[in-house]
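Rule-based calculations on the coordinates, nothing more; no lab input. Remember, predicted model here, so these are calculated numbers, not experimental data. Positions of Cβ are backbone-derived with ideal geometry, glycine not excepted, and every protein chain shown enters the neighbour counts.
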Amino acid sequence: MAQHVIVTDYDPQWREKYLREEENIKEILGENCIAVYHIGSTSVPGLAAKPIIDIMPVVRSLEEADRVSGAFEKAGYEYLGEFGIAGRRYLRKGREERTHQIHIFQADDTANIERHLAFRDYMRAHEKEREEYARLKKSLAQKFPYDIESYCDGKDAFVRAMEERALAEYDGIWDRLYLAARKVQHPREVSPFIEAGGVAAALVTERGSIYVGVCIDTACSLGMCAERNAIANMITNGESRIRKIVAVMGDGKPGMPCGACREFMMQLGSDSGEIEFLCDLDSRRTVRLGDLVPDWWGTDRFE
């Protein structure tokens, strides 16, 4: 039976369906999973789409992902390998009446990862193009209700043009920082007295360099937060000006720095109040260090 091509108006439940499946994917991939993103048209509020949830997990190793293909199959997915895109692992659920698609990429495959995120973010930000894309998809779905290949061919030129614009506009620094932090985040026991890696951080400097660090927790008060570890790496390499920083908590979500880290960063320079922290990866919500430390005591010392 041929796949039925149906395009419907945006449904807020698509986000909930993604979140439920995200947890299942994380459980299957385990420690190999660095991040999971909702991509494709169902991830764009207001955009009409085929009601198929596209999901992009980012992993440390594709070979490790291959080893759990059986677990994905038990969860209802077909594990189809690269399926036309080198470096991808493609999975789908629902047979002809498809409900979910998974596109797994390795963390160092920045071209494919950023291509998907750029297109998603561009559609979220540009209403005119979003409406044009919706009209095109609805028209093609009416014209080719049981011909998925013709449907895809019909929107290919538009998608390529939008992708080119999206990549030209895309600033992927928050995703790069988040993935850099997650790559080194691995809880481990260093000794009976020291644990490390439960929290990780990544920062980017004014020169564009990225430095990472993990938390080090000790049996006394000699430990170090992940943010200060990353800053120490930065200073060791001759830099001292931070533009943006991400701290990733044990649950994989961005978190805010402790009071000691805020104070340490404020003392780096007169412009430290402009340092941005990531609050939420999906929405790109941020906060300035100066807003976290209002009326800082040492401002006049830089004058």
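A few remarks follow.
- Identity of the residue in region 248-303, assigned to a loop (DSSP other than H, G, I, E, B) and touching a Pro at 6+ places or on another chain (Cβ under 8 Å), that ends up nearest to Val184 (Cα to Cα): Gly250
- Checking each residue in region 129-182 for being within 30 Å of Tyr211 (Cα to Cα) and assigned to a loop (DSSP other than H, G, I, E, B) picks out Tyr170, Asp171, Gly172.
- Within region 191-211, tally of residues that are assigned to a strand (DSSP E or B), within 16 Å of Gly269 (Cβ to Cβ) and over 19 Å from the mean Cα position of the chain (by Cα): 1
- Residues of region 63-76 that are out of contact with any Lys or Arg (no Cβ under 6 Å at 6 or more places or on another chain) and of a type outside the set (Asp, Glu): Arg67, Val68, Ser69, Gly70, Ala71, Phe72, Lys74, Ala75.
- Residues (in a strand (DSSP E or B) and among the acidic types (Asp, Glu)) located in region 212-247: Asp217
- Residue in region 13-22 that is within 16 Å of Ala75 (Cβ to Cβ) and either touching a helix residue (DSSP H, G or I) at 6+ places or on another chain (Cβ under 6 Å) or of a type in the set (Asp, Glu) (or both) present: yes
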